[in-house]
Amino acid sequence: MFWWNNGRVEMIAERKVSAVGFDLDNTLYQVTPQINEAIREYACRTAAKILSRQYEDFRGQVDLNLAATNSGSQSLQLLGIGNGKEIMQEAIEEADIASVLSRDDRLVEMLSRLKSNFSLFLITSSGEKSANSKLSSLGVREEMFYPAIYGNSDYKREDGTAFRYVSGELIVTFGKMMFVGDREWTDILP
């Protein structure tokens, strides 16, 4: 197993890593067109409600903007939603993605092998119910991770409080922790 550190790959055994953490959304499952559609529908329904617009008409306008901008948040902003980025993030975290996910035996096997050698933890922006539904659809037991920090927690990745909490719970220093995520600013740098 390897991890990335300042441009070079090292064996985690050399670093004596004892805890491996994961983000959930866009990390433990591959994004598919069905997932993108669930996210877009959630975001459009939320934004249409905010603007008191009919969903079908609003969705058509978002799709036109999306073709031009290739950005969901920009598409919403062009239609008068100032907090388009926040709505898109909420959609990623709360849309019914679990219904389009399926069991991932490779993921289950990888996590099981890791669990035999490392403490595994989860830090996700998704709410607990949504996160556990997604994990269940993937075939992953929520007990695989301790601790598990969800979006409704006081501990956040962005400010590092989630990592400090995990460090204290597992009694492990930051140098012995590894985190796998999809966004450098919220998953890696803190």
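Quick notes on this one:
- Residue within region 134-142 that is over 18 Å from THR27 (Cα atoms), in contact (Cβ under 8 Å) with a residue 40 or more places away in the chain, open to solvent by less than 20 Å² (accessible area, probe 1.4 Å) and in a helix (DSSP H, G or I) present: no
- Residue satisfying all of: in region 163-190; under 14 Å from SER125 (Cβ atoms) and of a type in the set (D, E, K, R); modelled with the lowest pLDDT among these: ASP187
- Of everything in region 144-160 that is surrounded by fewer than 19 Cβ atoms within 10 Å (Cβ to Cβ) and either at pLDDT below 95 or under 13 Å from the mean Cα position of the chain (by Cα) (or both), the residue that is nearest to SER99 (Cα to Cα) is ASN152.
- Only residues that are among the basic types (Lys, Arg) and either buried (at least 17 other Cβ atoms within 10 Å of the Cβ) or without any contact (Cβ under 8 Å) to a residue 24 or more places away in the chain (or both) were counted in region 102-129, giving 3.
- Region 37-101 holds helices (runs of 4 or more DSSP H) entirely within its bounds, and those carrying 2 or more residues that are open to solvent by 40 Å² or more (accessible area, probe 1.4 Å) and not polar (S, T, N, Q) map to 55-69, 84-94.
- Summed over region 108-128, the residues that are in a helix (DSSP H, G or I) and under 14 Å from the mean Cα position of the chain (by Cα) give a count of 1.
- Selection within region 88-107 - of a type in the set (D, E, K, R) and within 14 Å of the chain's Cα centre (by Cα): GLU90, GLU93, GLU94, ASP96
- Annotation note: of VAL31, VAL20, the sole residue that is touching a strand residue (DSSP E or B) at 6+ places or on another chain (Cβ under 7 Å), outside any helix (DSSP H, G or I) and surrounded by 13 or more Cβ atoms within 10 Å (Cβ to Cβ) is VAL20.
- Qualifying position, being surrounded by fewer than 16 Cβ atoms within 10 Å (Cβ to Cβ), closer than 15 Å to ALA19 by Cβ and in contact with a strand residue (DSSP E or B) (Cβ under 8 Å, 6 or more places away or on another chain), among VAL172, VAL180, VAL166: VAL180
- Given (1) acidic (Asp, Glu); (2) at pLDDT 90 or above; (3) crowded, with 17+ Cβ neighbours inside 10 Å, number of the condition ASP25 does not satisfy: (2)
The values are calculated or read from the model by the stated rules, or taken from the named source; none is laboratory data. Bear in mind the structure is a predicted one, so any value in this text is a computation, not a measurement. Reconstructed Cβ throughout: ideal geometry from the backbone, glycine too, with neighbour counts over all protein chains shown. For the accessible areas, the whole protein counts, side chains as well, though only heavy atoms, and no ligand, DNA or RNA atoms are used. Shrake-Rupley method; radii C 1.70, N 1.55, O 1.52, S 1.80 Å.
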